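In what follows, a structure is listed as structure tokens, so that the remarks can point back to it.
The values are calculated or read from the model by the stated rules, or taken from the named source; none is laboratory data. Since the model is a prediction, treat every value here as computed from it, not as a measurement. All Cβ positions, glycine included, derive from the backbone under ideal geometry; neighbour counts span all protein chains shown. Surface areas here come from the heavy atoms of the whole protein model, side chains and all, with no ligands, DNA or RNA. Shrake-Rupley method; radii C 1.70, N 1.55, O 1.52, S 1.80 Å.
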Amino acid sequence: MKSLFYEQYYKKRLNKIVNIFGETWFQNKKILELGCAHGDIGIELLKLGSEVVFSDEKMEYLEDIDKRLKELYNYSAGFALIDNDNDYDLNQRFDLVIHMGLLYHLQNWRNDITNALKHSNLMILESTVTAN
């Protein structure tokens, strides 16, 4: 079961993304969700008609998303096991890359953003600023 904080976190971000583009924009769009964790944003975008590739460095997250998609929604999606601290190339372009809640986990965030931008000219990027 997901916490109330997490529910509010992903719903707030999802609503912002949908408000920026409008619901109809997502129809038939190819989306890459980097560091997807539970995949809740990508799942909602699938419901809006997008083709989503979920990526994470943890296989158990991707397996859980695949299981939920099949059992609850009868959807299929693409999956990519990606360690964002290393170079990656999926050899395809996307209409949108979602890169949220990931930067502060990475050792080499500049390299990761460069890799992400190889896949799309459009990215939703969430960063966290902290003071030392």
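One decimal place: the segment D85-K118 gains 10.4 nm when fully extended, by the rule 0.36 nm per residue minus the C-alpha distance.
Probe radius 1.4 Å, ligands and nucleic acids ignored: give me the carbon and sulfur share of the accessible area of the chain as a rounded percent.
Details: 3790 of 7990 Å².
For the chain, the apolar C and S fraction of the accessible surface comes to 47 percent.
Basic side chains Lys and Arg get +1 at the Cβ, acidic Asp and Glu get -1 at the Cβ, and with that the dipole of the chain about its Cα centre reaches some 480 debye.
In the context of the full set of protein chains, the chain has a per residue accessible area of 61 Å² (1.4 Å probe).
Simple rule: put +1 on each Lys or Arg Cβ and -1 on each Asp or Glu Cβ in the chain, find the dipole, and look at V18, A116, S50; the Cα lying farthest toward the positive end is V18. Judged by the mean number of other Cβ atoms found within 10 Å, the most tightly packed of the peptides 106-112, 66-72 leads the ranking 106-112, 66-72. Each eigenvalue of the Cα gyration tensor of segment 30-87, multiplied by 5 and square-rooted, gives one semi-axis; in descending order these are 19, 13, 8 Å. Along the Cα-to-Cβ line of R68, 7 Å from the Cα, sits a label point; which residues in segment 77-105 have backbone N less than 18 Å from it? Under cut-off, by backbone N: 77-82, 98-102. With R₀ fixed at 30 Å, the C-beta to C-beta distance from E126 to Y75 puts the FRET efficiency at about 0.75. Of the residues F94, L69, L106, the one whose Cα sits farthest toward the positive end of the charge dipole of segment 56-132, with +1 on the Cβ of Lys and Arg and -1 on the Cβ of Asp and Glu, is F94. A straight Cα-to-Cα reach below 22 Å connects K47 with the lysines K2, K11, K12, K16, K29, K30, K67, K70, residues fewer than 8 places away in its own chain not being considered. The distance between label points at I20 and Y6 comes to 2.4 nm (points 7 Å beyond Cα on the Cα→Cβ vector).
Using only the Cα atoms, work out Rg/Rh for segment 1-129, with Rh taken as the Kirkwood radius, to two decimals.
Details: Rg = 13.8 Å, Rh = 14.8 Å.
My calculation of the ratio gives 0.93.
Annotation for segment 17-84: chymotrypsin sites (Phe, Trp or Tyr not before Pro) lying in DSSP loop with at most 10 further Cβ atoms inside 10 Å of their Cβ do not exist.
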